1. Being part of a helix (DSSP H, G or I) and in contact (Cβ under 8 Å) with a residue 24 or more places away in the chain is true for just one of B:47, B:42. Which residue is that?
2. Taking only the stretch B:1-32 into account, find how many residues are closer than 30 Å to residue B:121 by Cβ, crowded, with 17+ Cβ neighbours inside 10 Å and not small (Gly, Ala, Ser).
3. Which members of the stretch B:52-66 meet the condition of being under 30 Å from residue B:152 (Cα atoms) and either surrounded by 21 or more Cβ atoms within 10 Å (Cβ to Cβ) or out of contact with any helix residue (DSSP H, G or I) (no Cβ under 8 Å at 6 or more places or on another chain) (or both)?
4. Criterion first (more than 28 Å from residue B:32 (Cβ to Cβ) and surrounded by 13 or more Cβ atoms within 10 Å (Cβ to Cβ)) does residue B:124 satisfy it?
5. Do we find that residue A:60 is at the interface with chain B (Cβ under 10 Å from one of its Cβ atoms) and of a type in the set (Lys, Arg) in this structure?
6. Sort through B:117, B:93 and tell me the only one that's over 16 Å from residue B:40 (Cα atoms), of a type outside the set (Lys, Arg) and surrounded by 18 or more Cβ atoms within 10 Å (Cβ to Cβ).
Amino acid sequence: MLDVSLLFKIGATGILIIIIDKILKSGGKDDIAVVANLAGVIIILMMVINLVNKLFTSVKTLFQF
Amino acid sequence: MYGGRNMIKIIGCVVILVASTMAGFIYSERLKYRVFQLKEIQRAVYQLQNEITYVHALLPDAFKSIAEKSKEPIKELFNKTSELLTNNEYENVYAAMNSAIDLTKEKLYVNSDDINVILDLSKTLGESDIQGQNSMFSLTIANLKKQITISEEYMNKNIKMYRSLGFSFGAMLVIALL
């Protein structure tokens, strides 16, 4: 079964990244805001990479006769 | 439901959150200290000008008397300069001031631009007549005023940002570890 807590984690991370982006942009540090956004995307990718890997392997086993 | 392990987890999260928020606050305090120290230096430079133009004091004595009237860490900076000048270890005021700044560096929150303004003043101290030094003093004070305006603007802009950034990074860490 899919773990629901992962969804909540991703949602909370997204909200926090939006807040950090707003704070940095209001402080006039637009370039750092872009870097923070990228870091957030990477963090979320790291969270879901296991699931993606599982999906690919299950698709692969599906086509193995 | 809330067993021992869960309790420890929650306490750890709170500790991380508090620590990162504190780090943000402490970092934003540095900006305040910079403005405070620049104002203290400005006042000290005015007093040094008085010591030189009206009292005609010798430079080590002038530095000593303005050190007595200043607060830490500016007090220590001028005390060190006075000591180094009295001991005759250095060729000129610039060299003495430079090593005094090196000695008190970890207590000074001013950046290299601010330090350059003071070092520029020390390059001409004791090497010209009162009129020449007075013109150098007015240049230094104008530069210091500019630095104070810049640092105040920077403080107002960034003090809130650093505080909320500290909290946000703490919350990020907690979510990543949860």
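1. The conditions single out B:42.
2. First, pick out the residues of the stretch B:1-32 that are closer than 30 Å to residue B:121 by Cβ: B:27-32.
With the extra rule that they be crowded, with 17+ Cβ neighbours inside 10 Å, the set shrinks to B:28, B:31.
Right, trim to not small (Gly, Ala, Ser) and you get B:31.
Of the residues in the stretch B:1-32, 1 are closer than 30 Å to residue B:121 by Cβ, crowded, with 17+ Cβ neighbours inside 10 Å and not small (Gly, Ala, Ser).
3. As a first pass, look at the stretch B:52-66 and keep what is under 30 Å from residue B:152 (Cα atoms): B:52, B:62-66.
Hits for the stretch B:52-66 are B:62, B:63, B:66.
4. Against the criterion (more than 28 Å from residue B:32 (Cβ to Cβ) and surrounded by 13 or more Cβ atoms within 10 Å (Cβ to Cβ)), residue B:124 qualifies.
5. Answer is no for this residue.
6. None of the others qualify; the one that does is B:93.
One line per residue, one yes/no per condition, for (1) under 19 Å from residue B:51 (Cα atoms); (2) without any contact (Cβ under 8 Å) to a residue 24 or more places away in the chain; (3) surrounded by fewer than 15 Cβ atoms within 10 Å (Cβ to Cβ); (4) away from chain A (no Cβ under 14 Å):
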| site | (1), (2), (3), (4) |
| --- | --- |
| B:111 | no, no, yes, yes |
| B:155 | no, no, no, no |
| B:166 | no, no, no, no |
| B:173 | no, no, no, no |
| B:178 | no, no, yes, no |
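Where a number appears in this text, it was derived from the coordinates with a stated rule and is not lab data. Only a predicted model underlies this, so the values are computations on that prediction, with no experimental measurement involved. For neighbour counting, all protein chains shown are included, and Cβ atoms are generated from backbone atoms with ideal geometry for every residue, glycine included.
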